[in-house]
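Here is the structure we will look at.
All of the numbers you see were taken from the coordinates with simple rules; none came from a lab. Being a predicted model, the structure only gives us computed values, none of them experimental. Methodologically, a virtual Cβ is constructed for each residue, glycine included, from the backbone with ideal geometry; neighbour enumeration extends over all protein chains shown.
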Amino acid sequence: MNPNKTSLTQKPPAVRQSPRNLQKLNINNSPSASTSGTPSPTSRLSISSPSSPNPVKKNIKRSSCPCGRSSNGKDWLIACSENGCKQHWHSSCGNLKGENSFTQAQVDCLTKQWLCPWCYTVPFAKPGNHPTSLNEISLIEKALSSAAYQNITDSVMDVLKNAPPAIDLSSMETRLDELTTEIKNFKKTSSGFLAPSTFPRAPPIHEKRDLNCQEKPFESYEEKFLADDDLDSMVDLLGYLKSSASFLPEKGHEVKLYGEPYSYTGAKDLDPDPIPPELTKIVDLLSSKFSLSEQERPNSILINFFPATNGLDTNNTHLAMHSDDESSIAADSKIITLSIGAKRKIKFEAKHSNESLEELEVSDNSVYIMSRKSQNWFRHGVPPPSPGESTEERFSITFRCLKKQLSRSILLIGDSNTKQVTFGSGLGKVGQSFPGKRIKAAKVKDIEAKDCVGYSNIFIMCGTNDLRCGYISDERDIHCVVETLKDKLIQVKQLCPEAKIDFPDEISLQCKRSKRTVAKVLQLKGFETFPLLSQHCDIEIVHLIRDPRASIKSRMDTFGKFLAEEPDVVDFTQDHITDSSKKICGEILARAELIKNCAVAKTRLSLLYEDVLVNPLEKAKELFGALQIKWREEVEQRVNISTSGSLSEGGGFGTVKNTAKLGQRWKRDASKEFITSVEQGCSVLLHTFHYTPMYV
Ligand SMILES: O=C(O)CCC(=O)C(=O)O
Ligand SMILES: [Fe+2]
């Protein structure tokens, strides 16, 4: 929880410093001129009332509001930024209701390009320009109805009221720089981050890097394992291998491999022989005795031969400390070792602390079992006998379950967006060539490093839900999410150093070619602080707006059954759809307004999702143009390929879609009752962005 939450709703102090081009009423010095020049039509603040009268300006003093009244110092007096105007207005007369909740920095930012009711012109396009605009009614008229505007204004004020107090931007900037470097470094090396600096909020929740596990260094040990007959045939096989010089030397011992090729550090290229009948019999015995499934059945057998020593050269009979942590060994399998010959000690140690653990003394005809997972926490080895100590020869026959394609194994840890990815065999499933599984983690805190053990590729796809939460109110909360994710990634990296780890770019992505950092933000609460941020960062905003009937349907389908688990999700039961839709649309409109008014952002662009789906190439070019990114042939090909497939290609996560059909799918899937409820709740948004209602 955000420890500062309560302070966010506190009333601002009674005495405030006057911001640039703002003055308290009754103070008579003239305002400083706006520095922003004439804004483009799309950058105009549209929360002023367009139906205000247009009184003659001449007789009104510039330092006082056209209403001619005093607000006794309770209201801000705001100067219009239009060069030829510069008229001052009480914020409430200028339809900036609730302005007392503004922090000074917010007022400063918002008023840079504020246009008063006299100068403001409507930024919306004429009806008929949008492909979904089928009727000829004057949408402008509808959009300009004062009720609609009041609704928007209220939404904006709602958001602003919950805005955080003014932040020490210089320290925030430092922290942001650090964070950018941290993310860059982490992406590059997938290792250490900088220590958190003095960031002006309660420190992020640093979860304990808990690398403890439920695994034991070895699971079981059993003596007198083979019956006499099986033992005799094993001894015969080992004698034959020795006499036929079949073992290949390694440091401190010799080896012979059967079955699936097993490669490990320090191994010469071992050319395996097929598993002989004597060993197949033992594999059968192990499988039934330890109830191994077909997926865990050993298919690779490595025999180690430890020569005898009379105590003179004890270093010729040992196996160095190591872990059998190769990704080719099935994640959930067991490593089983049968010992034949002299009694020897097996040493274990904890990898992350280097602590030595209890030794296991293995005798002739005994079996000990280690889990594959335990290999990421523990090392094991066969130490040489003490100098002067003599020992007879020993063989260890080690059984493993290997699969070549496991070197591409995948663990997908993700939120509900990933639930469509299914592993296994068959059409539409991932698994034939990329075996693996999905583990649910709705939020970053749910990521468990121990789940990653044994997988070659780890995809972590969650974070969106964290950013949507009610307690996210500004950048510092986002930092907390980033810090938690960072901690989790470090844990995973520590535990699975060999695994390739990838995580979503919901939070940030570096584009080297265009030298930009891209942040994809989904319904981010606290977006209103972006104007503040953008004073210190070079910000370009692309706002993608989607038909609320489609997006609410999609949210309902995704979260419908997660309501209890994710309390921040709005209520989508039929009786509440209208209210929930109203709330969602209010937030979207408020965000649209804030983006439009973010005077300092270099570029602001609004795109309708449906337009992008219908004309992907044209819209992509428009986007590249607006952001001044060079259009390239490869991009054109990419857009064409990914937007002209069949609708279902690749399933929900496919990267090829027939986008033209996609945008209209909600009409097929949603009921009339549902659409009607959403249209009732979203009438303002539908009209504002020229979506044609079906039933309301
Ligand atoms: O000989 C033993 O008991 C251990 C063998 C082993 O660790 C290995 O083959 O990887
Ligand atoms: Fe081993």
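Observations
- Nitroxide proxy distance, nm - points 7 Å out along Cα→Cβ at Ala267 and Asp579: 6.3 nm
- Highest average packing first - 612-620, 481-489, Cβ atoms within 10 Å: 481-489, 612-620
- Simple spin-label estimate for Lys251 and His322 in nanometres, 7 Å along Cα-Cβ: 0.9 nm
- Mean shadow area of the stretch 315-458, taken as a quarter of the surface of its Cα convex hull (nm²): 10.7 nm²
- Calculated FRET value between Glu393 and Gln214, using beta carbons and R₀ = 41 Å, to 0.05: 0.65
- Positive minus negative residues near Asn457 (Lys, Arg vs Asp, Glu; Cβ under 14 Å): +2
- A simple spin-label model places the labels of Lys630 and Val696 4.8 nm from each other, with each point 7 Å out along Cα-to-Cβ.
- For the pair Glu358 and Ser291, a Förster radius of 25 Å applied to the C-beta separation gives a FRET efficiency near 0.40, rounded to the nearest 0.05.
- Extension gain from Ser425 to Leu312, taking 0.36 nm per residue of separation minus the Cα-Cα distance: 35.1 nm
- Per-selection metrics, the stretch 211-330 (Cα): Rg and Dmax in Å: 16.0, 46
- Length added when fully stretched, Thr603-Arg516, from 0.36 nm per residue minus Cα-Cα: 30.0 nm
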